[in-house]
Amino acid sequence: MMPGILTYLSYFVLGLGLNLTPCIYPMLTITLSVFRNPKDESRWNAFRRAFLYVCGIVAMYTFLGVLAAFTGQLFGSLLQNSWVLLLISLFIFILSFSMLGFYTFRLPSWLMPQQGVSRQSLFGLFLSGILVGVIAAPCMGPVVLSLLAHISQDQDPIFGALSFFMLALGLGTPYLILGTFTGLLKKLPRSGAWLVWFERVLGVVLLTIGSFYLIIALRLSILPWLVPTACWFGGIYLGWVERSAETSKKFLVFKRLIGSLMAVIGFFMMMGMIGLHPKSGVVWESYRAGVLEDAREKEQPVILDFYADWCISCHELDRFTYSDPEVIRILNAFRRIKVDATSMDSRDVQQVVRRFDVFGLPTVVFLDEQGHEVPEIRVDGAIPAKEFIAMLRSSRLRKFTSPPEPST
């Protein structure tokens, strides 16, 4: 399914949030000096300079998003190697620990802003925006790398471009507004310990992402518990253990409220997981060479479910859609086949993936009794049970979904 507007809005909000990291926020005033020329107080000229700077940021991020999407097949094949996943996990853990305050990555001196930047050319402003896109913001590096991994899995250039475009737009919006209306700078809160706490929040997020890659590398069955556990432990740490901004009573109350809310949400999510655990689901057979031909000979309709252990949406389908009693009943009329694309080492899996042009996971393909695909009901991504049932009953496979005859 195509990502919705909320997905792209979340990237924009994340970009805005990156401005609150300790290595970016204190540099706002210095960077904004680029946009105002002391000899020319024209607001239009200030806007033009800020706009070029933001265009540089947007250009770099959009390029990264498209590049990640186009190289997704290569990246995806690497993600099927457990050793590569372990290395990615280790790398993200190292980055997350830096954001949790265990150590600090510092920029080389040649990347730091120098005096006289306000006199650089308009093209120089654009290049400065490109530079800050990746290299000149160590607080952004871990987040960018994690998002690149996510975009690479989807292999959708449009999604990659729009996602990173919105991220860059969020990152650049404060520069655009404050660069044009410099009087607003006086209203910005002072940088301080609260920025450190915000960096710790991003550290918890990255620690969760690193744990995700570790879980799928070790093929553990605890992936659905990751987010509830991260909310619970993250809330306790951010609200009650982490010690930044302890001198501010108001911010201390804010920390405690946010941390407690996260912990409560995580607790109820875990309780919900316990309630859902015993739920049965659709019974599948593993894909093997010749199974589709066998189904065609027996005139059986087929549902092919392409999944991978590292695919979160695949787990959502299993837990919330394939566990629905009506979905289970309807699919009993189908030959139910799962294609495990976690590891593409099998030639049979490679062939069936190419045969049905599967580019992302999860993908659900339906075949009629003659073995022909019903393309209008192909599913890309997680889908609610009610929508799944309605889709099948509106297709030419609806004869297999009719309710059972009442007993007399």
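The values are calculated or read from the model by the stated rules, or taken from the named source; none is laboratory data. Owing to the predicted nature of the structure, the values given are computational and were not obtained by experimental measurement. So basically every Cβ, Gly included, is an ideal-geometry build from the backbone, and we count neighbours across all protein chains shown.
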- Message: Can you find, within the range 174-197, the residue that is farthest from Y307 (Cα to Cα) among those that are out of contact with any Lys or Arg (no Cβ under 7 Å at 6 or more places or on another chain) and modelled with pLDDT of 70 or more?
- Response: L178
- Please go through the range 310-337 and pick out each residue that is surrounded by fewer than 19 Cβ atoms within 10 Å (Cβ to Cβ), touching a Ser or Thr at 6+ places or on another chain (Cβ under 8 Å) and not in a helix (DSSP H, G or I). S323, A333
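Residues checked against (1) farther than 20 Å from A289 by Cα; (2) surrounded by 14 or more Cβ atoms within 10 Å (Cβ to Cβ); (3) touching a helix residue (DSSP H, G or I) at 6+ places or on another chain (Cβ under 6 Å); (4) modelled with pLDDT of 90 or more:
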residue: D348; (1), (2), (3), (4): no, no, no, no
residue: H372; (1), (2), (3), (4): no, no, no, yes
residue: I377; (1), (2), (3), (4): yes, yes, yes, yes
residue: F388; (1), (2), (3), (4): yes, yes, yes, yes
residue: K399; (1), (2), (3), (4): yes, no, no, no
residue: P403; (1), (2), (3), (4): yes, no, no, no
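Residues G239, G235, G210: which one is modelled with pLDDT of 90 or more, buried (at least 16 other Cβ atoms within 10 Å of the Cβ) and in a helix (DSSP H, G or I)?
Of the residues listed, the single one that is modelled with pLDDT of 90 or more, buried (at least 16 other Cβ atoms within 10 Å of the Cβ) and in a helix (DSSP H, G or I) is G235.
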- Task: Give R119, R200 a once-over and let me know the one that is out of contact with any Leu (no Cβ under 9 Å at 6 or more places or on another chain) and either at pLDDT below 80 or not assigned by TED's automatic domain parsing to the domain that holds A69 (or both).
- Result: R119
- Message: Quick check on my filter: what residues within the range 352-369 are outside any loop (DSSP other than H, G, I, E, B), touching a residue at least 40 places away in the same chain (Cβ under 8 Å) and more than 19 Å from P301 (Cβ to Cβ)?
- Response: V353
